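Readers should treat all values here as calculations from the given coordinates under stated rules, not as data from a laboratory. Given the structure is predicted, the values throughout are model-derived calculations rather than measurements.
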Amino acid sequence: MLGGAAPVADLSLDIGGLRSAKGLVRVCLTAVADNFPKCIDTAESTRRTAPADGGAIRFAGLPHGEYAIAVIHDENGNGKLDTIAGIPREGFGFSRNPPIRFGPPRFASARFSVTGTGERQQVTMRYLL
């Protein structure tokens, strides 16, 4: 490694519990608590979109640090999490699979460390309707 270069790692995200292969999976990976669970592309955050019938989603070259992941199953492909009276109609999930009460969990509940090579996270999707 070059002197002064920050250590980096790769992360593989496995998404389980999808109720169908329809639509897309939208992922937010962020190191910024204020950017969770909504995601704006910044130097500390990134979004990925993949087919719902796909495999693991990979993030390469992540600086070591603390991150959180939010996932939605955008079954109709309209680019957002559809709701009825504030209740999600589509699937959602978070890193570390924290309990869901009223609204999304806080960053601290979904936070995990990226410190080495071959890091993995598993998110289990939840559906309320």
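Please state, rounded to one decimal and in Å, the Kirkwood hydrodynamic radius that the chain gives when every pair of distinct Cα atoms enters the mean of 1/r. Write down the numbers at each step before the final one.
On the way: mean 1/r = 0.0663 Å⁻¹.
The Cα-based Kirkwood calculation yields 15.1 Å.
Fully extended, how many nm does the chain gain between ARG19 and THR124 (0.36 nm per residue separation, minus their Cα-Cα distance)?
Numbers: separation 105, 0.36 × 105 = 37.80 nm, distance 1.08 nm.
Full-extension gain reported as 36.7 nm.
Per the Debye formula with a single identical scatterer at each Cα and no solvent contribution, what log10 I(q)/I(0) holds for the stretch 58-129 at q = 0.14, 0.22 Å⁻¹?
-0.51, -1.01
If each DSSP helix of 4+ residues adds -39,500 (n - 2.57) and the sum is divided by the residues in the chain, what number results at 222 nm, nearest 500 deg cm²/dmol?
Details: 1 runs with 4 residues, N = 129.
Dividing the helical sum by the residues of the chain leaves -500 deg cm²/dmol.
Measuring from the lowest to the highest alpha carbon on each principal axis, how far does the stretch 49-92 reach, largest first, in angstroms?
In descending order, the Cα extents are 39, 24, 13 Å.
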